[in-house]
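Read through the structure below, which is laid out as structure tokens, and then see the notes.
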Amino acid sequence: MTGVALKGLLARRVRAVLTALAIVLGVAMVSGSFVLTDTISKAFDSIFTSSYSHTDAVVSGRKLVDYSNGGNATVSEAVLERIRRNRDVGAAAGALIDLNGDSTHANLIGRDGKAIQSNGNPTFGFGIDTSQPRFNPLKLKEGHWANGPHQVVIDAETAKKHHFAVGDKVGVAASGPRESFRIVGTATYGDVKSLGGATIAVFTIPTAQRLLDLHGYSVISVAAKPGVSANRLISELKREVPATARVRTAKEQANEDKKGVASFISFIRGFLLGFGGIALFVGAFVIFNTLSITVAQRTRELATLRTLGASRRQVLRSVVLESFAIGLVASVIGLVSGFGLARGLSSLFGALGLTLPQTSSVYATHTFVISLILGVLVTVLAGFVPALRATRVPPIAAVREGAVIQRKKRLGPVAGVILFGIASALIAYATLGGHLGSGKSLLALAGGALLGLLGVAGFAPVLVTALAAVVGIPAKRLGGAAGRLATDNATRNPARTASTAAALMIGLALVTFVAALGKGLHGSVDRAINKQVTADWVVTSQNGWSAFPAGAGRAVTKAPGVTLASDIRSDRGRIGTANVNVNGVEPATIARVYHFDWRQGSNATLASLDGHGALVKQRFAKKHHLAVGDAFTLRSPAGKPVRLTVAGIFQPPQVMEVLGGVVVSRQAFDRTFTRRSNSLTLIDGSPTQAGLDRALAAFPDAKAQTKAAYVKAQSSFINTMLNLLYVLLALSVIVSLFGMLNTLVLSVFERTRELGMLRAVGMTRRQARRMVRHESVITALIGAALGLPLGIMLAAAVTHALGKYGVTFSLPVASLVIFTVAAMVAGILAAIAPARRASRLNVLEALKYE
Amino acid sequence: MNAAAAAAALSDERVLIDHSPPAVAAHAVTRRYGEGDTAVDALRGVSLEVPGGELTAVMGPSGSGKSTLMHILAGLDQPTSGSVEIAGIEIATLKDNELTKLRRRHIGFVFQFFNLLPMLTAEENVLLPLTIAGRKPERPWFQQLLESVGLQDRRKHRPSELSGGQQQRVAIARALVSRPTVLFADEPTGNLDSATSAEILELVRRSVDELGQTTVMVTHDAVAATIADRVLFLADGQIAKSLARPSQAEVIDAIQEVTGQ
Ligand SMILES: Nc1ncnc2c1ncn2[C@@H]1O[C@H](COP(=O)(O)OP(=O)(O)OP(=O)(O)O)[C@@H](O)[C@H]1O
Ligand SMILES: [Mg+2]
């Protein structure tokens, strides 16, 4: 029986391959996600491991605050001296290397005078004691290490990409204005091929300290004297270091360094796998539909097997085996294609400005196991209902012309309505509860969306006839006889048309949801910034969100036409155990360029910031029970405490807050925080772009924009995100395209006799082609008619839940038109091959066909 | 026969199949298709016994219920009322699985349209019932079977590479390979020319004579009926006449008589 099933499958090779394609893409996405993230993970592993390759212990500043510009506390030179004097220490060297934070960044300036990096990829600027090569994670490739104040070594990849050679001069901008350095060598970081889009500049320690505005070292690497155990060394060191520093083994330190990256990688993995899941979900629909059709077409064959003594169980097994074989082949193809797709995904991220480090690709066992199991499982599950249906083929069907499979009572529509009801309840729970964002409600939302799609697919057969009548109007009007026949064909098997359309519906519903949500977010970001920023011009970093040197803020005051320039410093601090954004503002000018939404206090309150006064965001004040007049202690990332008193309370919008948790005066900020960098400098007046650009020439990290351009740039990340989502969702639309192709191929095959008859009575080849094409477009439009409203409904629910963030719902009309047209194009594409087949049919052969 | 005995007979592989009469028996069988106004009574009280080792032919005008009777006797369909026993087992009460097993053991079926599986070779098609039952063919018997249907040199061919007559021979061999208690053939020559028909009829007759194969065959062909040991004439869902070893003239007379009624 197994042999029979497999031979049958082989005989229907083309159909089997078409069916398999439905699942290939989903599996490829899964395997690609794993390969990509495993590879990145390995790259980071080797980065972090090679950082401490000949090191027994690492002393580093304690991390007091997350995501600080200034980095962790540093370890002073005195500590290094003390460590070196310890009798158990063989060697020790300090370095300024912070792979995780923003504290050791120095931007290289290209030959065009612009910063090489402007999209947020890291620009490392390290200070390394090259007299102790054992601790140096970099390997020199050409030239020599920097040994003077105007020398730099850059990474070999950047040198190559940007045409720098040893001996050339290069501009560097770190925490101050740009300076010129001579390239004295090139180097690579450990064994890593590429650090992603990162650039590296290596200076002598004193140069780095000056450039980066840091004192001491970010890490001290220590090697034990021969014969001294690592444990002993560690406990020795613990006695030598201050409370702001930590001692770890090299391995612990590498793991610690990796933590942030690891959670980032697992986020990316989950994100990508989500889209793989969607593609598999759509694939399941396609498989279900295709196998249903083939089972129906094989009624006679299955019945013959039954008359020859095959039991229901054997029929079930043979059909399940068939889907298993299809699933296995598809999964293997998908697995391998995933290896290629991983590269595609990596360049997709690259195109969006997120270049990830790479080493040679990692093919882990779990990639194979999960991809194969998932692909086979989805196929077999999707094929199970058709298989059950096959068992209901009565033996008598072998001898009776036109016998159909007895249907159990049609449960689809009822089940569909029930599912849709449950889905609505879940979505209402997720969006009306006012707690969207909690894990539970997101799960309810995703579950609701899934069930909603299934529900609509369930009762879609009932709607198909009505929908086809509407979306078939153009076909009827324009397509003549062929168009009319196409509409009839689309409705003669509503269940088949419905599930074909349902596969497309899923992708369309999701892109519509994304488009509508994106539009809502766009509006809320625009409104939030417009509400806060009243300046005419805005200075930001090149990428728009990281901090830039405070000097740039001072520089723009000199540009002609600038009435006032108000700096906004920013970093992270700590109150008790809570991390908080801290901004330093100019009390005299801030109110002229920023609108405070006061809850307690007024613009007059700003004057009291000069002393120990601070403004606190209302949400933060509530959470930490702070009232006006209360005193509290704020700590800088380096651990430096400052005593502040709440002077006023204000409430920025919930998205895109320009001023965050705690606001102090610029002077107080500069006294407390080591790193003086601005998140924004707000300008009033009527300067020219050229004037501002000239003023900022020494600060390639910074750029000036009109307020309108700034608002647009700030919401542009939404467009980037949308594009990424569209590309990833396109995958499931492609899968549903295969579904439409399958259905058409099978329908044309099934109607061979009928087509022959139509041709015999005078239908032209062209008309036959057109008939198939119209049917396909009608099916696609039914998918759109189901998917677009569903996506809109979902988006309406979610934007409602996000209302408190200023998100409002608005219909993305242009996108809807585009998606509808895309659906029609998909229909036309899917119909190409089947239409050709229908038109090439030999009339005599077709009529002879039995 | 009670259900327990039936189950015992089904489960015991070594049970010797008694070919002594009757192989199949029907009692007061009716079959109604559809309901209400459009209901059709295809069979209206048919009782018969098919004696073992004989070739029984069923004739009658189109729509008289021949195929319906065959399907019910072969356990492919259930009667609306009345009872059917195959090899002594009452089929009305059998579950699908039991019926399937009964078919495996006792029934062979030859179709008008061959119903071969296109992806299998002739040999594989013939062996299919055994494959399905998970049994190994007895090689000498299989060889003999292929020889007697004249397919030795066509065993590796696929149905699309065989003529209609050859395909029907494959179908007959497939029906015989499991040595069924009864072989049913519904117009086995209905789709073949007269020369090929004669070959097939000769083959059917030979299997009755040489193997003692009990066979029930529906035919429209008076010549075909003359090779039968007994001819039943159906009209309007009832047995109108029964002849033993009739001549061609007797058959034609009977047809006219039955149709004339
Ligand atoms: N599935 C069915 N549904 C409804 N009526 C049926 C069905 N099958 C057969 N009939 C009717 O039952 C009657 C007997 O049909 P049956 O096929 O047994 O005739 P037959 O003697 O085999 O005819 P023929 O010589 O044309 O094959 C006919 O009137 C036919 O229309
Ligand atoms: Mg008939």
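The values are calculated or read from the model by the stated rules, or taken from the named source; none is laboratory data. Predicted model, so just to flag it, every value in this text is computed and none were measured. So basically every Cβ, Gly included, is an ideal-geometry build from the backbone, and we count neighbours across all protein chains shown. The area values use the complete protein model at the heavy-atom level, side chains included, leaving out ligands, DNA and RNA. Shrake-Rupley method; radii C 1.70, N 1.55, O 1.52, S 1.80 Å.
Only protein heavy atoms count here; on that basis, with a 1.4 Å probe, A:Met757 has an accessible area of about 90 Å². Figure note: A:Glu236, B:Glu35, B:Glu49, A:Glu157 ranked by solvent-accessible area, largest first, 1.4 Å probe, ligands and nucleic acids not counted: B:Glu35, B:Glu49, A:Glu157, A:Glu236.
Local charge sum around A:Gly483 (other residues, Cβ-Cβ under 9 Å, Lys/Arg +1, Asp/Glu -1)? Present the calculation step by step, with values, prior to reporting the outcome.
Details: positive: A:Lys476, A:Arg477, A:Arg484, A:Arg770; negative: none.
Around A:Gly483, the surrounding residues sum to +4.
Here the label points at A:Ala708 and B:Asp229, each 7 Å from Cα along the C-beta direction, are separated by 10.3 nm in the simple model.
Given all pairs of different Cα atoms, what value in angstroms does the Kirkwood hydrodynamic radius of the range A:573-652 take? All intermediate terms of the calculation are to be shown ahead of the outcome.
On the way: mean 1/r = 0.0775 Å⁻¹.
Computed over the range A:573-652, the radius equals 12.9 Å.
Starting from the Cα of A:Arg239, move 7 Å in the Cα-to-Cβ direction to define the label point; list residues of the range A:66-81 whose amide nitrogen is under 16 Å from there. No residues fall inside that zone.
Taking 16 Å as the cut-off, the amide N atoms of the range A:646-683 that come nearer than this to a point 7 Å along the Cα-to-beta-carbon line of A:Ala631 belong to A:646-647.
For the range A:543-700, what number results from the quotient of the Cα radius of gyration and 2.2 N^0.38 Å? Before the final figure, lay out the partial values.
Numbers: Rg = 15.6 Å, N = 158, 2.2 N^0.38 = 15.1 Å.
The range A:543-700 yields a ratio of 1.04.
Report the Cα centroid-to-centroid distance between the range B:177-252 and the range A:754-831 in angstrom, as an integer. Measuring centre to centre over Cα atoms gives 59 Å. Placing unit charges on each Cβ (+1 for Lys and Arg, -1 for Asp and Glu) gives the protein assembly as shown a dipole about its Cα centre, and among A:Val320, A:Gly421, A:Val362 the Cα reaching farthest toward its positive end belongs to A:Val362. So for the pair A:Tyr726, A:Gln654, with labels modelled 7 Å out along Cα→Cβ, what separation do we get in nm? Spacing of the two 7 Å Cα→Cβ label points: 2.8 nm.
Which value at 222 nm does the protein assembly as shown reach when only helices count, each DSSP H run of 4 or more adding -39,500 (n - 2.57), with the total divided by all residues and rounded to the nearest 500 deg cm²/dmol?
Numbers: 34 runs with 573 residues, N = 1111.
For the protein assembly as shown, the value works out to -17500 deg cm²/dmol.
Axis of helix A:412-432 versus longest Cα principal axis of chain A: the two differ by about 10°, to the nearest ten degrees.
Helix A:439-471 and the longest principal axis of the Cα set of chain A meet at an angle near 30°. For the pair the range A:1-69 / the range A:259-312, the C-alpha centres are spaced 21 Å from each other. The smallest convex shape that holds all Cα atoms of the range A:696-850, its convex hull, gives 168 Å³ per residue. Paramagnetic label reach from B:Ser47 (point 7 Å along Cα→Cβ; backbone nitrogen cut-off under 20 Å): within the range B:74-105, residues B:74, B:79-93. Distance from the Cα centroid of the range A:635-670 to that of the range B:85-132 is 85 Å (rounded to whole angstrom).
With charges only on Cβ, +1 for K and R and -1 for D and E, what is the dipole size of the protein assembly as shown about its Cα centre, in debye, rounded to 20? Each step should come with its number before you reach the end.
Numbers: 116 positive and 77 negative charges, 619 e Å.
The dipole magnitude comes to about 2980 debye.
Here the range A:63-243 is treated with +1 on each Lys and Arg Cβ and -1 on each Asp and Glu Cβ, and its dipole about the Cα centre works out to around 360 debye.
Site pair A:Tyr67 and B:Trp141 shows an inter-label distance of 8.0 nm when each label is modelled 7 Å from Cα along Cα→Cβ.
Taking the solvent-accessible surface of protein heavy atoms with a 1.4 Å probe, what is the per residue accessible area of the protein assembly as shown in Å²?
Details: 45950 Å² over 1111 residues.
Ligands and nucleic acids excluded, the result is 41 Å² per residue.
Taking all protein chains as they are arranged and a probe of 1.4 Å, the heavy atoms of A:Asp155 leave approximately 10 Å² accessible to solvent.
For chain A, the longest principal axis of the Cα atoms and the long axis of helix A:494-532 meet at an angle of about 20 degrees.
Of all lysines in the structure, the ones whose alpha carbon falls short of 21 Å from that of A:Lys712, not counting any fewer than 8 places away in one chain, are A:Lys519, A:Lys531, A:Lys703. Candidate cross-link partners of A:Lys707 among the aspartates and glutamates, defined by an alpha-carbon separation under 13 Å and a same-chain spacing of 8 or more, comprise A:Asp526, A:Asp536, A:Asp684. The mean number of partner chain beta-carbon atoms within 10 angstrom of a residue's beta-carbon across peptide B:110-120 is 5.
With N as its number of residues, the range B:75-191 has a Cα radius of gyration that, divided by 2.2 N^0.38 Å, comes to 1.12.
Within the shell of other residues whose beta carbon sits under 14 angstrom from the beta carbon of B:Ala92, the net charge comes to -3, with Lys and Arg scored +1 and Asp and Glu -1. Run the Debye formula on the Cα coordinates of chain B, all scatterers equal and no solvent, and tell me log10 I(q)/I(0) at q = 0.12 1/Å. Here the Debye-derived log intensity ratios amount to -0.72. Which shape class applies to the range B:37-104: rounded if a/c is under 1.5, otherwise prolate when a/b exceeds b/c and oblate if not, where a ≥ b ≥ c are the square roots of the Cα gyration tensor eigenvalues? Since a/c reaches 1.5 but b/c is at least a/b, the shape of the range B:37-104 is classed as oblate.
With point charges of +1 on the Cβ of Lys and Arg and -1 on the Cβ of Asp and Glu, referenced to the Cα centre of the protein assembly as shown, which listed residue (B:Met119, A:Leu564, A:Gly110) lies farthest in the positive direction of the dipole? Of the options given, the answer is A:Leu564. Note on the protein assembly as shown: Cα Rg divided by 2.2 N^0.38 Å, N the number of residues, gives 1.30.
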